[in-house]
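Trainee: Right, I'll just put the structure down here and ask away after.
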Amino acid sequence: TSLKHPDELKNFLEPEYRYWLNLSGIQEIDLVKAVCDKLNMHNLIIDSILDFAQVSKFQEFENNYYFSISSLMATSTLELEYEQISFVLGEDYLVTFQEKVGDHFNHIRDRIREGLGIIRDRSCDYLLCLLLEAILDDYQKTIEKLEVSESEINSFDLELDPSPQVLREIETHKVRVDQIKRALISLREIFLKIEREKPKLIQTKHLKYYVELKDFTISLIDNCDRLTSRLESASNLFFSIQSHRMNQVMKILTVISSIFIPLSFLVGVYGMNFNYMPELQWRWGYFVLIGVMLTLIISMIIYFRKKKWI
Amino acid sequence: TSLKHPDELKNFLEPEYRYWLNLSGIQEIDLVKAVCDKLNMHNLIIDSILDFAQVSKFQEFENNYYFSISSLMATSTLELEYEQISFVLGEDYLVTFQEKVGDHFNHIRDRIREGLGIIRDRSCDYLLCLLLEAILDDYQKTIEKLEVSESEINSFDLELDPSPQVLREIETHKVRVDQIKRALISLREIFLKIEREKPKLIQTKHLKYYVELKDFTISLIDNCDRLTSRLESASNLFFSIQSHRMNQVMKILTVISSIFIPLSFLVGVYGMNFNYMPELQWRWGYFVLIGVMLTLIISMIIYFRKKKWI
Amino acid sequence: TSLKHPDELKNFLEPEYRYWLNLSGIQEIDLVKAVCDKLNMHNLIIDSILDFAQVSKFQEFENNYYFSISSLMATSTLELEYEQISFVLGEDYLVTFQEKVGDHFNHIRDRIREGLGIIRDRSCDYLLCLLLEAILDDYQKTIEKLEVSESEINSFDLELDPSPQVLREIETHKVRVDQIKRALISLREIFLKIEREKPKLIQTKHLKYYVELKDFTISLIDNCDRLTSRLESASNLFFSIQSHRMNQVMKILTVISSIFIPLSFLVGVYGMNFNYMPELQWRWGYFVLIGVMLTLIISMIIYFRKKKWI
Amino acid sequence: TSLKHPDELKNFLEPEYRYWLNLSGIQEIDLVKAVCDKLNMHNLIIDSILDFAQVSKFQEFENNYYFSISSLMATSTLELEYEQISFVLGEDYLVTFQEKVGDHFNHIRDRIREGLGIIRDRSCDYLLCLLLEAILDDYQKTIEKLEVSESEINSFDLELDPSPQVLREIETHKVRVDQIKRALISLREIFLKIEREKPKLIQTKHLKYYVELKDFTISLIDNCDRLTSRLESASNLFFSIQSHRMNQVMKILTVISSIFIPLSFLVGVYGMNFNYMPELQWRWGYFVLIGVMLTLIISMIIYFRKKKWI
Amino acid sequence: TSLKHPDELKNFLEPEYRYWLNLSGIQEIDLVKAVCDKLNMHNLIIDSILDFAQVSKFQEFENNYYFSISSLMATSTLELEYEQISFVLGEDYLVTFQEKVGDHFNHIRDRIREGLGIIRDRSCDYLLCLLLEAILDDYQKTIEKLEVSESEINSFDLELDPSPQVLREIETHKVRVDQIKRALISLREIFLKIEREKPKLIQTKHLKYYVELKDFTISLIDNCDRLTSRLESASNLFFSIQSHRMNQVMKILTVISSIFIPLSFLVGVYGMNFNYMPELQWRWGYFVLIGVMLTLIISMIIYFRKKKWI
């Protein structure tokens, strides 16, 4: 059910129910404040929800826990879209605050509505676990998108001079992967803290699920590392191809210059107008010179062949 | 109220008040010493206040705490201006020592004067928390300035040979970000120490605010890391563009040399003065040669087109 | 013995026996589920077995332990083939789940069948230790293969312009070694955890064998580090050879141009058609010029010899 | 007072005095051994004093502490001069062993002689603290010298091809800073150990001074890091300027070649001796050709202007 | 005394003696096994001794300790020769197993034979300490050899194009130093473990000697780090010199081309055969042209001088 006005909340906040409240659009500050007040949240939680700082954190308060989770999703142009999602977990309620109308949690909402699975029978901390997993799934999709795009970039044509535009893409990718990795690391810190401190609002039998989430996060960080090292390879390769192209261009210039500059000198010699140049009078002078020049060309070509230049 | 002479202090230092003393210009050593003596500060505090060492630190003394906080603000030319601000927190007083007439704390002073907010009703450790936040806000502004300037630098024109001046700017930026990051790391250490040791002059209910400051510092450090990785990308890109430019220059040289050096040789041949050169007598010799040369030029151009050089 | 249907299991699962169950092909989800149910495994174990996440982990459950081990084996083309092997260790049973029909454990199976060694007399945790060692042995073989192939790559011919293809191979190798290293690190974490926590299903007298496995893993990680540093050397060398080749090509171009361009100018001078050019009338003009040119050539060659260019 | 013979020591070693013994020239092994024996030092201390190993360390023995401190001072040519200074701190004595006649502690000796300050009234551990501070001051001076010299190096002329000599200086600087940093890190370890273990021969009221020394060391390490990152910038800049210079040289070559090689071809054409070349007979042929060539030159120059090459 | 057959051992293994058994050639498996059995060693020790894994480790067993120490010695060609030396320390015996007939311990054996020093009077753990120190001394000699050879490599001739062979040597050196460093790090771990756990077979009064060994190892690691940073400097310098050489070659090419290509064009102009070319008829045409060309050459040279190219 979607609510229009904070006052309607009153009906829901009956102590005997377990409920999940999903607020999209934390821009409506008044609504957020009203909800928070109704649930007796600490001032700091309200400040944090309305603040747009990009850190994931987990704070324990007297009668509830506050989770602030960063979500990074890749758009179709691989731009990273940042969203801060806040969770407040109480003994019998879970409230989520999203900046945008959420597309993270649709399938979970559907499963609850249809009464599927074990979600309805479990407590709020189990639901929270599912929601966090949904966010991690989105991270995984983003990393996969970046991996696909990295493969495309990395399939250089080794025989073409690559444009710096390619390097710019590689570098932008690196920055993105780095950003995702750092977001995941602060998520891992949260799960580590939960594993270590075993907070009382999370039931002991559900702790194992949080440990699973931690392992999932670690494997995602691992993927980021792998992607980074592949991107660094691509960047090394890029520079090498640039040098290789240069080498090839220089070789062609050198081969052509080395063959024709000496020949031009030779023909220049016999273009001189000295009164007495015996070779010019010889009957076969011209043909002898042509023979000499052909010999020169052929021996040059053999020399460059041996040097593997052509 | 601003004081002219240390003796005027006496009137203020009545035990029943909570007060905040803000001293600008620690160059006036006598004044600083007088204040410190009045408040029974440890010798080491006085030494530290007057010392210009650039480290942030937090020391607990018997009846007060000493905080030395580094502040780095960017001027309009993005030079980093360093200032060391000292705080002495007692049970019912807070003294701040600034090198310059402060512009960090104006808005807080204004709020106290106008009796706004909850500042007046809280204890000195809460005030300290606000002042530290003001310093972190200044760090954030500095980082944002550097980010704006980094974006400008990073928008290379890929088709121009970049001047090493650009790289010098990138490198200077890196050094600056590095400096800010290290300053923030020593701040984080202070907040971590407070979180861990829960010093008694800081009220338990205010501890959460210090944890918030720690999170803020961590997110700033994160921004520094992101900025550094972007600057490293820019520097990689810079080198790649330099190589790319070189490649293009070399290609033009090679194309022109490869086309005209062989042609020059050809025309040189028929500029020779041998008595017997049959081609020279042919009626259409000249035009045949021109035809041959045009064919050569065209096939060269096709060759370079295929190699994607022109 | 190989089973066709999960129901046949019942006969085996008599409490008085110690047994090892080796399931290949975890694609047959129903079979896996049936076995797991029979052995009263936790839901999370079943999920993990069927999940293809590439992380090694060790989880303790109430009456059994779950090990998920990543195996990386190099094919003949040095592609890394990934396989996730799951172990469930109970008090008197050990179940292994493999994706493919296993080739890791053949020699161990043979030794059990033939009743060789001390395997039959020991408990399941000792068997597990042997199986894990078999996986580590496969890692070692993979690393050795990569080392052999690295030596081949690293034996550059210093006098040939290396193709970027070589660098691509180096970089691919780096990525592979990095992947193996990370897989081994998560294995080391597992052995460290066992050494530290001394879980009760592993007999104290067998703990030393697990410590041995940890040392083995550490020595493999060490090998990976050594391989990485060698690959980085190879990549440095590659770039240096590229530059060196370029230098040599440029030197040849420069030597030839420096010798013949001035000479061409000289012969050009005496090819001019001015009416009055005294040298042209001299009887020995031509021979004097040839002498001058020979002197020039020889002094050029001496100059370049001294500069060590030729 | 300066002593000539170990036996004179006897007079000094009266239990009722606090004294400071400063030995220069640990080459005189007999003297050192005599002093050590008189003061009942452990064998290991004597070995360490006479050993020239370059590590800073702090060891607690039954009735005294042994400090081995590395000192690195820059000579006028910025060579680093290494000296190992040993301190033995007993309950009522402090002995220092220097390799050279010391210039570290002159001002402290002067202050003691003149009875200035609070040094005379304090215990030996306070004196040790002052001596260690003097060594750190020397480190600071060395770092400042290197910073001055780094600024000189870093002020490249962007328009000159830099000699590898400059890079050699940068690299030598890096090695030096690295050496200083590592020496400081082992000093920091000593101060951390003192802060943590609060050894009983150091009075509790003096501990704060050692913490101060730790902070001083950390700020020096910080300076080293900053210097290193500046030197890395300088080295990056150096390579960029090399490439930039190359680009400019290549541009000039390309511009001149591109303009004159085609023109040379053109004039070559009309230097040919074909019997029938209609243009040669034309009255204005020569001037038309000159016009064509001027047009070519001008359009080339416009083209290169547009490409920002000249 | 050297033994020929394991049975001879029996005579030695009398409980009332402290003894040191030094076995060279662990290839003789039967001998090793016999000795181990006689001394009641754990199976794992025997396996480890016969295994050639290249890790240093320290394991405590019920009645003895097992040390496996890697030794790396440089041959005259600076190849690193690897040897694994095993020590088994019991309450009143010490057995060493070497692959080769040992050259590490000769001077210690000599001192024992001659009854020199305090070795004979001390227990086996003190002897072990001396043996380990001998191995570290060999490490130190190896590092010193590498340092000498590094100095030779690093003294580049800045004016010669360096061969990639030099870089290959630098890189091989790096790999070697890295290998030594990693071997030393695992040794340090052993000494740290001993310092921390204070194992009971090592007498408390000898513990300080092990701490000394730890400090020695740390100082060796430090030397490795210094060597590595010097090698990285050398490699940077190498690349810079390569670029510098290229720049110089290009400058010479550009200077010669820029001077003579325009001049060749000029003389080409007056080599044309147009019927009407007024300059050709002028009396002083030739000499005017020579004057023009000399002016050109001189102004070119002045230009390049100003640019600091020649």
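Trainee: Would it be correct to say that residue D:221 is part of a helix (DSSP H, G or I), open to solvent by 10 Å² or more (accessible area, probe 1.4 Å) and modelled with pLDDT of 90 or more?
Mentor: Criteria met by residue D:221.
Trainee: In addition: What is the number of the single condition among (1) modelled with pLDDT under 85; (2) out of contact with any helix residue (DSSP H, G or I) (no Cβ under 8 Å at 6 or more places or on another chain) that residue A:309 does not meet?
Mentor: So the condition that residue A:309 fails would be (2).
Trainee: Further, regarding this structure: Please specify each residue of the range B:210-223 satisfying the condition of being touching a residue at least 60 places away in the same chain (Cβ under 8 Å) and in contact with a Phe, Trp or Tyr (Cβ under 7 Å, 6 or more places away or on another chain).
Mentor: B:210, B:213, B:217, B:220, listed by residue number.
Trainee: Same structure again: Restricting to the range B:159-191, count the residues that are part of a helix (DSSP H, G or I), of a type in the set (A, V, I, L, M) and open to solvent by 30 Å² or more (accessible area, probe 1.4 Å).
Mentor: 2
Trainee: Just one of (1) within 11 Å of chain E (Cβ to nearest Cβ); (2) open to solvent by less than 40 Å² (accessible area, probe 1.4 Å) trips up residue C:199, so point out which.
Mentor: For residue C:199, the exception is condition (1).
Trainee: Exactly one of these conditions fails for residue A:87: (1) in contact (Cβ under 8 Å) with a residue 60 or more places away in the chain; (2) hydrophobic (A, V, I, L, M, F, W, C); (3) under 24 Å from residue A:221 (Cβ atoms); (4) in contact with a Phe, Trp or Tyr (Cβ under 7 Å, 6 or more places away or on another chain). Give me its number.
Mentor: Going through (1) in contact (Cβ under 8 Å) with a residue 60 or more places away in the chain; (2) hydrophobic (A, V, I, L, M, F, W, C); (3) under 24 Å from residue A:221 (Cβ atoms); (4) in contact with a Phe, Trp or Tyr (Cβ under 7 Å, 6 or more places away or on another chain) one by one, residue A:87 breaks only (1).
Trainee: Tally up the residues in the range B:30-40 that are open to solvent by 40 Å² or more (accessible area, probe 1.4 Å) and assigned to a helix (DSSP H, G or I), please.
Mentor: Qualifying residue count, the range B:30-40: 5.
Trainee: Check the range B:134-145 and report whether any residue there is farther than 30 Å from residue D:228 by Cα and either open to solvent by less than 40 Å² (accessible area, probe 1.4 Å) or assigned to a loop (DSSP other than H, G, I, E, B) (or both).
Mentor: Yes, that holds for at least one residue.
Trainee: Inside the range E:41-73, can you point out the residues that are part of a helix (DSSP H, G or I) and open to solvent by less than 70 Å² (accessible area, probe 1.4 Å)?
Mentor: Residues satisfying the conditions are E:44, E:45, E:46, E:48, E:49, E:50.
Trainee: Here's a follow-up. Between E:287, E:265, which is closer than 19 Å to residue D:294 by Cα, open to solvent by 10 Å² or more (accessible area, probe 1.4 Å) and among the hydrophobic types (A, V, I, L, M, F, W, C)?
Mentor: E:265
Trainee: Next question, about the same structure. Of everything in the range B:276-308 that's within 57 Å of the chain's Cα centre (by Cα) and hydroxyl-bearing (Ser, Thr, Tyr), which residue is nearest to the other protein chains (Cβ to nearest Cβ)?
Mentor: Of everything passing the filter in the range B:276-308, B:303 is nearest to the other protein chains (Cβ to nearest Cβ).
Trainee: Output yes when any residue across the range D:168-181 is within 11 Å of chain B (Cβ to nearest Cβ) and free of Cβ contacts under 8 Å to residues at least 40 places away in the same chain, and no when none is.
Mentor: No, the range D:168-181 contains no residue that is within 11 Å of chain B (Cβ to nearest Cβ) and free of Cβ contacts under 8 Å to residues at least 40 places away in the same chain.
Trainee: Moving on. Being modelled with pLDDT of 80 or more, under 28 Å from residue D:142 (Cα atoms) and surrounded by fewer than 20 Cβ atoms within 10 Å (Cβ to Cβ) narrows it down to one residue among D:82, D:93; which is it?
Mentor: The match here is D:82.
Trainee: Okay, moving on. So which of C:236, C:273 ends up being at the interface with chain E (Cβ under 7 Å from one of its Cβ atoms), open to solvent by 20 Å² or more (accessible area, probe 1.4 Å) and not in a helix (DSSP H, G or I)?
Mentor: C:273
Trainee: All but one of (1) within 14 Å of chain A (Cβ to nearest Cβ); (2) of a type outside the set (S, T, N, Q); (3) touching a residue at least 12 places away in the same chain (Cβ under 8 Å); (4) assigned to a helix (DSSP H, G or I) hold for residue B:226; state the number of the condition that does not hold.
Mentor: Result: residue B:226 fails condition (3) only.
Trainee: Here's something else I'd like to know. Based on this model, can you work out whether residue D:250 counts as open to solvent by 10 Å² or more (accessible area, probe 1.4 Å), facing another protein chain (nearest Cβ under 7 Å), among the aliphatic types (A, V, I, L, M) and part of a helix (DSSP H, G or I)?
Mentor: Against the criterion (open to solvent by 10 Å² or more (accessible area, probe 1.4 Å), facing another protein chain (nearest Cβ under 7 Å), among the aliphatic types (A, V, I, L, M) and part of a helix (DSSP H, G or I)), residue D:250 does not qualify.
Trainee: Taking the range E:145-167, which residues are at the interface with chain C (Cβ under 10 Å from one of its Cβ atoms) and charged (D, E, K, R)?
Mentor: Listed by number, the residues that qualify are E:157, E:159, E:161.
Trainee: Cβ-Cβ below 7 Å, separation at least six or inter-chain, first residue in the range E:121-136 and at pLDDT 90 or above, second in a helix (DSSP H, G or I) and open to solvent by 10 Å² or more (accessible area, probe 1.4 Å): which pairs?
Mentor: Here the result reads E:136/E:216, each pair linking the range E:121-136 to a residue that is in a helix (DSSP H, G or I) and open to solvent by 10 Å² or more (accessible area, probe 1.4 Å).
Trainee: Filter the range A:74-89 down to residues that are assigned to a strand (DSSP E or B) and more than 14 Å from every other protein chain (Cβ to nearest Cβ), then give me how many there are.
Mentor: Here the count works out to 7.
The values are calculated or read from the model by the stated rules, or taken from the named source; none is laboratory data. This structure is a prediction, so every number in the text was calculated from the model and none was measured. Cβ coordinates were reconstructed from backbone atoms using ideal geometry, including for glycine residues, and neighbour counts include every protein chain displayed. Side chains are part of the model used for accessible areas, which takes the heavy atoms of the whole protein and leaves out ligands, DNA and RNA. Shrake-Rupley method; radii C 1.70, N 1.55, O 1.52, S 1.80 Å.
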